[in-house]
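Let me begin by presenting the structure, written as structure tokens, before commenting on it.
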Amino acid sequence: MLEDFEIVAGVEVHAELATKTKIFCGCTTEFGGEQNTHVCPVCLGLPGVLPVLNRQVVEYAIKTGLALNSEIAEFSKFDRKNYYYPDLPKNFQTSQYDLPICLGGHVEIEVDGVKKRIGITRVHMEEDAGKLVHSGATISTSDVSFVDYNRTGVPLLEIVSEPDLRSVDETVAYLEKLVQTLDYIEVSDCRMEQGSVRFDINVSLRPKGSDKLGIRTETKNLNSFGSVRRCMEYEIERQAEVLSEGGQVIQETRTWDEGRGITLSLRSKEEAHDYRYFPEPDLVPMVIEREWVERVRERLPELPDSRRERLLELGLSAYDAGVITSSKALAEFFDAALDKFKDPKTLANWVMGDFLGLLKAKGIPVQSSPVKPEGLAELLNLVENGTISGKIGKSVIGEMFESGKGAAEIVKEKGLVQISDTGALSGIIDKVVNSNPQSVTDFKAGKERAIGFLVGQVMKETKGQANPGLVNKLLKEKLETM
Amino acid sequence: MDLTQLTAHELSDLLASREAGAVELVKAFFARIDQVEEDVKAFNIFTRDRALEQASKVDDKLARGEELGPLEGIPMAFKDNMCTKGVPTTCSSKILKSFVPPYSATVVEQLAQAGSIMLGKLNMDEFAMGSSTENSAFAKTCNPWDLERVPGGSSGGAVASVSADEVAFALGSDTGGSIRQPAAFCGVVGLKPTYGYVSRFGLIAFASSLDQIGPLTKDVTDCALVMNAIAGHDPKDSTSAPVDKPDFTKSLINDVKGLRIGIPREYFGAGIDPEVDKVIRQAITKLEELGAVVEECSMPHTEYAMPTYYLIAPAECSSNLARYDGVSYGYRAPESGDIVSMFKKSRAEGFGPEVKRRIMLGTYALSSGYYDAYYLKALKVRTLIKQDFDQAFEKFDILLSPTAPTPAFKFGEKSANPLAMYLSDICTVPVNLAGIPAISIPCGFAGGLPVGLHLMGKAFDEGTLLRVSYTFEQNTEFHKVKPSLGVK
Ligand SMILES: [Zn+2]
């Protein structure tokens with residue numbers, strides 16, 4: 001059934017901007033806080049108040065536009081989007097309608113080794129609404145509802161893609177790339193679990209080979225890549241079923257029920273709001289000077305694609321480069337460590353293995369890792385110069401996470417320095433060889449594996465502190481003389 | 001001497017010379033209020049205790065021998081659409097009857113800074129929508145010149161309070177003539193400044209792109225003094241102009257020789273009361289005698305000003321007033337049930353008929369499918385009206401017309417016919433669309449009722465308006481005539 005159709009999808013992404021203050025007033029944008037404490041007359045929309053645009057919001061929008069290859073408008077303005085909802089204190093949202101700050105642009109994605117360019121239609125600025133807290137499940141089934149206006153007026157960017165996405169994988173890859181880019185240019189915290197990035201997914205199906213667009217549905221307010229994947233899979237299946245049975249998809253807005261794993265109709269096209277957009281008379285139109293755009297362009301940090309490219313040139317595999325550049329914080333960690341430890345492949349192994357594993361186990365982000373890039377480099381240098389073995393290194397990094405102490409300090413304190421002293425090792429080797437005659441016999445009979453067992457015994461005797469390479473060498477010499 | 005009849009600058013002189021004290025002034029004005037307010041009904045609320053407390057601080061200053069600012073210790077009041085921290089601000093609407101702002105409008109802070117003493121808040125047409133103050137949800141303010149007539153609107157309470165000597169001056173707001181038309185009806189001086197000259201922060205919006213706060217005073221000198229206190233850039237208002245304000249009293253020059261005055265003939269069309277026409281012609285002759293060069297001119301798009309205004313203002317109002325929904329402040333209809341009913345009932349019960357009419361007009365004009373034909377078209381015509389003014393000002397320093405086509409009308413005379421009511425703003429509305437300043441000054445009487453002379457100037461050229469007004473005032477006696485209220 002599904003094979004008969006081609007998927008056409010587009011996404012609207014709402015990302016909260018990481019400005020210190022709200023878009024039209026001086027209130028903090030900090031997440032959390034006692035309810036209705038991050039508010040003032042302006043964001044509460046009290047009678048008589050007026051908005052004053054936060055310049056940082058415009059700068060972040062410009063930065064985003066540049067990172068997404070958009071054109072930055074020379075002339076832009078705000079408009080009012082009028083609709084009634086109790087989380088919207090003015091009953092209109094100050095947004096942008098026909099003259100958004102960024103037009104056009106694209107993002108490059110890669111799915112199964114195939115590169116594809118996804119078009120960006122526009123990027124615009126707007127204010128967030130407040131949060132409703134219901135006594136029951138929904139506003140219509142509750143006796144009482146409360147409004148928390150702390151989020152009201154937090155700046156948002158809405159990034160609208162072209163309907164260029166042809167699969168669930170492409171859609172998720174696009175969103176990952178977009179979020180990664182916002183993270184890299186540091187315009188948004190991208191904290192998905194706090195809802196600082198939200199996705200509206202538009203999907204339609206059409207018979208394979210057709211170039212006409214099918215009727216689409218829009219599912220609003222998804223907040224994780226996983227939900228996007230599940231929601232799209234469900235919605236595609238649902239539409240395919242309707243179409244296969246000769247029915248018609250209804251153009252409507254739908255909502256995703258995470259618990260039940262299904263989408264539900266929210267409102268049809270006929271019931272769609274007439275937002276009655278008109279220019280916001282309380283703000284003057286913006287003339288965006290080209291020098292400003294150029295200044296922002298000059299300060300634009302390295303973007304994920306070029307960073308990944310750089311790691312590939314260092315000899316990392318595509319997979320490793322992808323993982324390390326997946327977040328800016330991790331990529332920066334890697335670069336900083338590489339500054340002090342010059343073997344990128346070994347470093348990548350450690351970062352992706354023990355380091356990320358320990359972070360994940362502790363549930364802390366890279367930025368607040370107790371092990372800093374210099375610390376990891378110090379540890380790896382100890383392994384590389386033979387002071388400790390790789391195996392000891394793994395226990396040392398664990399200890400570093402626990403105690404916050406440096407690698408050298410731990411090695412010294414615990415006497416973990418590798419035994420590279422031939423004299424000290426000879427005695428132990430003699431002892432091991434003498435107490436394992438069978439292994440010696442096996443080795444002499446050509447069973448190469450037997451030497452592994454003997455090395456293991458030596459390591460055990462030295463509590464892992466022996467230099468394994470040296471043990472191997474000395475053992476071979478010993479056995480050959482027997 | 002009756003203190004309440006004096007202008008602000010005269011009162012200031014008395015304070016400076018220690019011939020009167022600030023508490024004495026406040027008491028005198030409240031005595032006057034007690035005497036006439038029952039007839040005039042200009043106020044929504046009084047702030048007597050606060051006023052006396054502030055006045056005694058001014059007296060302390062006087063006792064210490066300190067000098068006072070020009071408006072310090074002068075009793076005044078605000079139209080009830082300017083937010084006053086801790087004092088109810090209602091817009092004369094049931095929906096905001098319980099609203100006590102947690103902050104003050106910039107103009108309120110500016111006048112507090114200047115040391116003026118607020119006596120209370122003044123009645124108005126609900127949300128400043130109307131031309132007679134009959135749309136107030138609370139009271140009918142009467143014209144002090146004839147209690148059976150309206151004071152004009154929407155700043156009816158503000159002008160009546162000045163005209164009846166209940167305050168020395170007041171602040172009003174003007175969206176389509178709401179300062180000037182009532183100023184004409186009640187024989188006071190009313191200035192609508194250039195859009196962006198006075199901060200709108202804390203002015204409860206009717207139509208954001210047209211609203212402007214301005215002074216209502218007993219003479220032109222006071223008008224300049226109040227402008228000195230309230231004009232200037234406000235970082236809290238993005239539409240406030242980043243211009244330096246001059247000393248407006250420097251424009252109080254008794255000389256109009258060589259000044260070019262244009263008389264747009266479209267402002268003297270059908271509907272103008274013949275007696276008003278006569279009074280205005282006399283005023284023109286007076287200005288000519290004083291040396292001004294007067295010439296008739298044409299402003300071809302004037303006839304489109306009313307329809308343009310009645311698309312733009314309601315459109316903005318429909319959005320500005322959407323916030324009154326009963327959710328977090330103001331009137332909430334009891335036992336509404338669900339949220340949609342709460343919205344609907346609160347608004348249905350909270351707003352009066354004129355406000356509802358304009359919300360509906362505006363909602364319609366902005367609706368998809370109608371936007372281009374109505375709102376967008378109106379914006380384009382607005383540009384043409386502006387161009388009319390730009391062209392006229394290439395030739396003239398100011399333009400002159402009657403402020404209103406008729407003198408004050410009787411209660412109920414126009415309230416049944418919204419269109420007839422709207423037409424009383426026909427001379428004042430184009431000015432708001434163009435964003436330019438205009439003043440109404442007393443220039444005579446028609447049937448015993450005051451007539452206002454309407455002078456329109458270039459943007460940010462309030463100076464020339466004040467100069468012409470001052471010259472006219474210095475050479476006439478109209479502003480000195482008082483309504484008979486107090487001596488009945
Ligand atoms: Zn705020």
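The values are calculated or read from the model by the stated rules, or taken from the named source; none is laboratory data. Only a predicted model underlies this, so the values are computations on that prediction, with no experimental measurement involved. Positions of Cβ are generated from backbone atoms using ideal geometry, with glycine treated the same way; all protein chains shown enter the neighbour counts.
When the criteria are applied in full, A:Gly48 fails the requirement of being at pLDDT below 95 and within 16 Å of the ligand (Cβ to nearest atom). Filtering region B:70-97 to residues that are within 12 Å of chain A (Cβ to nearest Cβ), polar (S, T, N, Q) and more than 18 Å from B:Val167 (Cα to Cα) leaves B:Thr89, B:Thr90, B:Ser93.
Looking across region A:351-379, the residues that are assigned to a loop (DSSP other than H, G, I, E, B) and at negative phi come down to A:Ile364, A:Pro365, A:Ser369, A:Pro370, A:Val371, A:Lys372.
The C-beta contact set for region A:280-307 (first residue within 14 Å of chain B (Cβ to nearest Cβ), second residue at pLDDT below 95 and outside any loop (DSSP other than H, G, I, E, B), distance under 8 angstrom, 6+ apart or interchain) is empty. Among the residues making up region A:29-46, those that are buried (at least 18 other Cβ atoms within 10 Å of the Cβ) and away from every other protein chain (no Cβ under 14 Å) are A:Thr29, A:His38. Evaluated against (1) in a strand (DSSP E or B); (2) away from chain A (no Cβ under 14 Å), B:Pro182 falls short on exactly one condition, (1). In the set (1) out of contact with any Pro (no Cβ under 6 Å at 6 or more places or on another chain); (2) at negative phi; (3) within 13 Å of the ligand (Cβ to nearest atom), the condition left unmet by A:Ile23 is number (1). All conditions but one from (1) within 14 Å of chain A (Cβ to nearest Cβ); (2) within 21 Å of the chain's Cα centre (by Cα) apply to B:Asp325; the one that does not is (2).
Evaluation of A:Val8 against the conditions (1) away from chain B (no Cβ under 14 Å); (2) within 16 Å of the ligand (Cβ to nearest atom) shows that the sole unmet condition is (2). On the stretch given as region B:203-242, residues that are part of a loop (DSSP other than H, G, I, E, B), within 14 Å of chain A (Cβ to nearest Cβ) and not aromatic (Phe, Trp, Tyr) total 17.
Within region A:259-269, being more than 13 Å from chain B (Cβ to nearest Cβ) and modelled with pLDDT under 90 holds for A:Leu266, A:Arg267, A:Ser268. Does B:Ala28 fit the bill of being under 21 Å from B:Ala164 (Cβ atoms) and at pLDDT 95 or above? Answer is yes for this residue.
For region B:243-266, how many residues meet the condition of being among the charged types (D, E, K, R), assigned to a loop (DSSP other than H, G, I, E, B) and in contact (Cβ under 8 Å) with a residue 24 or more places away in the chain? Number satisfying all stated conditions: 3. Go through (1) in contact (Cβ under 8 Å) with a residue 24 or more places away in the chain; (2) assigned to a loop (DSSP other than H, G, I, E, B); (3) among the hydrophobic types (A, V, I, L, M, F, W, C) and name the single condition A:Cys40 misses. Here A:Cys40 meets the rest and fails (1). Of the residues contained in region A:110-126, none is found to be free of Cβ contacts under 8 Å to residues at least 60 places away in the same chain, within 14 Å of chain B (Cβ to nearest Cβ) and not in a strand (DSSP E or B).
Among the residues of region A:47-59, what is the count of those that are in contact with a Pro (Cβ under 9 Å, 6 or more places away or on another chain) and either touching a residue at least 40 places away in the same chain (Cβ under 8 Å) or more than 14 Å from chain B (Cβ to nearest Cβ) (or both)? Give the steps one after another, and end with the answer.
Of all residues in region A:47-59, those in contact with a Pro (Cβ under 9 Å, 6 or more places away or on another chain) come to A:47-49, A:52, A:54, A:56-57.
When the remaining residues are screened for being either touching a residue at least 40 places away in the same chain (Cβ under 8 Å) or more than 14 Å from chain B (Cβ to nearest Cβ) (or both), the result is A:54, A:56-57.
Of the residues in region A:47-59, 3 are in contact with a Pro (Cβ under 9 Å, 6 or more places away or on another chain) and either touching a residue at least 40 places away in the same chain (Cβ under 8 Å) or more than 14 Å from chain B (Cβ to nearest Cβ) (or both).
Every condition in (1) buried (at least 17 other Cβ atoms within 10 Å of the Cβ); (2) over 29 Å from B:Ala8 (Cα atoms); (3) away from chain A (no Cβ under 14 Å) holds for B:Pro274 except the one numbered (1).
Restricting attention to region A:77-109 and to residues that are among the β-branched types (Val, Ile, Thr) and not in a loop (DSSP other than H, G, I, E, B), the residue that is nearest to the other protein chains (Cβ to nearest Cβ) turns out to be A:Thr94.
Do the conditions hold for A:Phe453, that is, is it at pLDDT 85 or above and aromatic (Phe, Trp, Tyr)? Reasoning before the result, please.
Values: at pLDDT 85 or above: yes; aromatic (Phe, Trp, Tyr): yes.
In short, yes.
Cβ-Cβ contacts under 7 Å between residues 6 or more apart (or on different chains), taken from a first residue in region B:348-372 that is facing another protein chain (nearest Cβ under 9 Å) to a second residue that is outside any helix (DSSP H, G or I), are listed as B:Thr363/A:Arg276; B:Leu366/A:Arg276; B:Leu366/A:Phe278; B:Ser367/A:Asp274; B:Ser367/A:Arg276; B:Ser368/A:Asp274. Is it true that some residue in region B:107-114 is surrounded by 24 or more Cβ atoms within 10 Å (Cβ to Cβ), modelled with pLDDT of 95 or more, touching a helix residue (DSSP H, G or I) at 6+ places or on another chain (Cβ under 9 Å) and among the polar types (S, T, N, Q)? Within region B:107-114, none of the residues are surrounded by 24 or more Cβ atoms within 10 Å (Cβ to Cβ), modelled with pLDDT of 95 or more, touching a helix residue (DSSP H, G or I) at 6+ places or on another chain (Cβ under 9 Å) and among the polar types (S, T, N, Q). Here A:Thr64 passes the criteria (1) assigned to a loop (DSSP other than H, G, I, E, B); (2) more than 15 Å from the ligand (Cβ to nearest atom) except the one numbered (1).
From A:Asp87, A:Asp79, which residue is touching a residue at least 60 places away in the same chain (Cβ under 8 Å), under 25 Å from B:Ser319 (Cβ atoms), among the charged types (D, E, K, R) and away from the ligand (no atom under 16 Å from the Cβ)?
Working: A:Asp87 fails: away from the ligand (no atom under 16 Å from the Cβ).
Answer to the selection: A:Asp79.
So which of A:Pro207, A:Pro281 ends up being in the same structural domain as A:Ala67 (by TED's automatic domain parsing), buried (at least 17 other Cβ atoms within 10 Å of the Cβ) and in contact with a helix residue (DSSP H, G or I) (Cβ under 8 Å, 6 or more places away or on another chain)?
Numbers: A:Pro207 fails: buried (at least 17 other Cβ atoms within 10 Å of the Cβ).
Result of the check over A:Pro207, A:Pro281: A:Pro281.
Output the residues belonging to region A:138-158 that are more than 21 Å from B:Tyr329 (Cβ to Cβ), in a strand (DSSP E or B) and within 14 Å of the ligand (Cβ to nearest atom). Matches in region A:138-158: A:Pro155 only. Checked against (1) more than 11 Å from the ligand (Cβ to nearest atom); (2) under 24 Å from B:Pro102 (Cβ atoms), A:Cys40 passes all but a single condition, namely (1).
Within region A:60-75, none of the residues are surrounded by 21 or more Cβ atoms within 10 Å (Cβ to Cβ), at the interface with chain B (Cβ under 7 Å from one of its Cβ atoms) and modelled with pLDDT of 95 or more.
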